[in-house]
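Student: Here's a structure for you.
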Amino acid sequence: MPTNIEWTDLTDNIIRAKVGGWWCQKISEGCKNCYSEKLNKKSFFGGNKQPYSGQPPELVLDTEAIRKWGFQRKPKKHFVSSMTDVFGEWVPRFWQHEMLDGMFVAPKQIFQILTKRPEIMLSSINEWLSNHGLEELPSNIWVGTSIENRHTLEERSQFIAQIPAIFRFWSVEPLLKDLGDISQYLNDAQWLIIGGESGPDSRPCHIEWIESIVKQCSESKTPVFVKQLGANAYYQGQQFKTRDKKGGEIVEFPQELQVREFPFSIHE
Ligand code: SF4
């Protein structure tokens, strides 16, 4: 499905609730204002109104959507399952492996998989690689984890770093605290996306925090994509107003943050 998420072309939600809508389980501070749960509460948007807590509803894997990847001619970037976490504890491992099989036979397509559970992603991918006699993921499968504060940086980046992949990325969104010195972790990341929180009740994001990450990425030559300042941005202690309600209009960013890079292979 086409999307207005700036760092991808399509969102492919291959796991859905059988009755319609989606489901996920909140796991950390970054999930507090989950956009997917908000959409799922709206029946006119196809949601089932179930909160993202408790027991999952009956779920289905869209095997037809996976099968179609192999027939798509035009190369696109696919953000796979923007509405849930494919590596959630409740997702059967063979579904994760069916997804990877579909990606493997679609080498022209780029698949961007993002999780807040990189320890499950690591063990599932290692099992899939070993089942196929492979040593690492092909370059069209990009594995990423969400990072929102120092704690999730230290915890999640170590698991992502161990995944045998050519492209590992972090989605630093919503950025809720200053990450501080990230230089020692950046060697293991090939791409960073950064964004403040958007939507109702957005928590503050200080532009200085984004500046610090962008500066460190530039020093380590890590491509970085500044997606948005968020709906509640601060700069030098003052609220930083933007016309765009997500603070996602690049021309409204301070000059040094007008950076939207991709890992090199995308330009090849
Ligand atoms: S992991 Fe993502 S989709 Fe799932 S509850 Fe958290 S923010 Fe929402």
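The values are calculated or read from the model by the stated rules, or taken from the named source; none is laboratory data. As the structure is a prediction and not an experimental result, all values here were calculated from the model. So basically every Cβ, Gly included, is an ideal-geometry build from the backbone, and we count neighbours across all protein chains shown. All accessible areas refer to the heavy atoms of the entire protein, side chains included, with ligands and DNA or RNA removed. Shrake-Rupley method; radii C 1.70, N 1.55, O 1.52, S 1.80 Å.
Student: On the basis of being modelled with pLDDT of 95 or more and touching an Asp or Glu at 6+ places or on another chain (Cβ under 8 Å), does residue 180 make the cut?
Tutor: Considered against the rule, which asks whether it is modelled with pLDDT of 95 or more and touching an Asp or Glu at 6+ places or on another chain (Cβ under 8 Å), residue 180 comes out as no.
Student: Let me ask something else about it. Would you check if there is a residue in segment 207-228 being among the β-branched types (Val, Ile, Thr) and over 26 Å from residue 143 (Cβ atoms)?
Tutor: Checking segment 207-228: at least one residue is among the β-branched types (Val, Ile, Thr) and over 26 Å from residue 143 (Cβ atoms).
Student: If residue 108 satisfies every condition in (1) without any contact (Cβ under 8 Å) to a residue 40 or more places away in the chain; (2) out of contact with any strand residue (DSSP E or B) (no Cβ under 8 Å at 6 or more places or on another chain); (3) farther than 22 Å from residue 10 by Cα but one, which is the exception?
Tutor: (3)
Student: Against the condition touching a residue at least 40 places away in the same chain (Cβ under 8 Å), among the small types (Gly, Ala, Ser), surrounded by 18 or more Cβ atoms within 10 Å (Cβ to Cβ) and under 28 Å from residue 69 (Cβ atoms), how does residue 146 come out, does it pass?
Tutor: Answer is yes for this residue.
Student: Taking segment 3-29 as the search range and keeping residues that are of a type in the set (Lys, Arg) and more than 11 Å from the ligand (Cβ to nearest atom), which one is surrounded by the fewest Cβ atoms within 10 Å (Cβ to Cβ)?
Tutor: Only one residue fits best here, namely 18.
Student: Checking residue 224 against (1) at pLDDT below 95; (2) under 29 Å from residue 187 (Cβ atoms), which test does it fail?
Tutor: Going through (1) at pLDDT below 95; (2) under 29 Å from residue 187 (Cβ atoms) one by one, residue 224 breaks only (1).
Student: If residue 38 passes every condition in (1) in a strand (DSSP E or B); (2) open to solvent by 40 Å² or more (accessible area, probe 1.4 Å) but one, which one does it miss?
Tutor: So the condition that residue 38 fails would be (1).
Student: Scan (1) among the charged types (D, E, K, R); (2) more than 13 Å from residue 230 (Cα to Cα); (3) surrounded by 15 or more Cβ atoms within 10 Å (Cβ to Cβ) for the single condition residue 154 breaks and write down its number.
Tutor: Single failed check for residue 154: (3).
Student: Applying the selection to segment 75-105, what residues are touching a residue at least 60 places away in the same chain (Cβ under 8 Å) and open to solvent by 60 Å² or more (accessible area, probe 1.4 Å)?
Tutor: 76, 89
Student: Only residues that are among the polar types (S, T, N, Q) and closer than 30 Å to residue 150 by Cβ: list them for segment 5-39, please.
Tutor: 8, 11, 25, 28, 33, 36, listed by residue number.
Student: Scanning segment 111-128 for residues that are closer than 13 Å to residue 99 by Cα and either surrounded by fewer than 21 Cβ atoms within 10 Å (Cβ to Cβ) or not hydrophobic (A, V, I, L, M, F, W, C) (or both), which turns out farthest from the chain's Cα centre (by Cα)?
Tutor: 128
Student: Identify, please: which residue in segment 231-259 is in contact with a strand residue (DSSP E or B) (Cβ under 8 Å, 6 or more places away or on another chain) and part of a helix (DSSP H, G or I) and is, among those, surrounded by the fewest Cβ atoms within 10 Å (Cβ to Cβ)?
Tutor: 250
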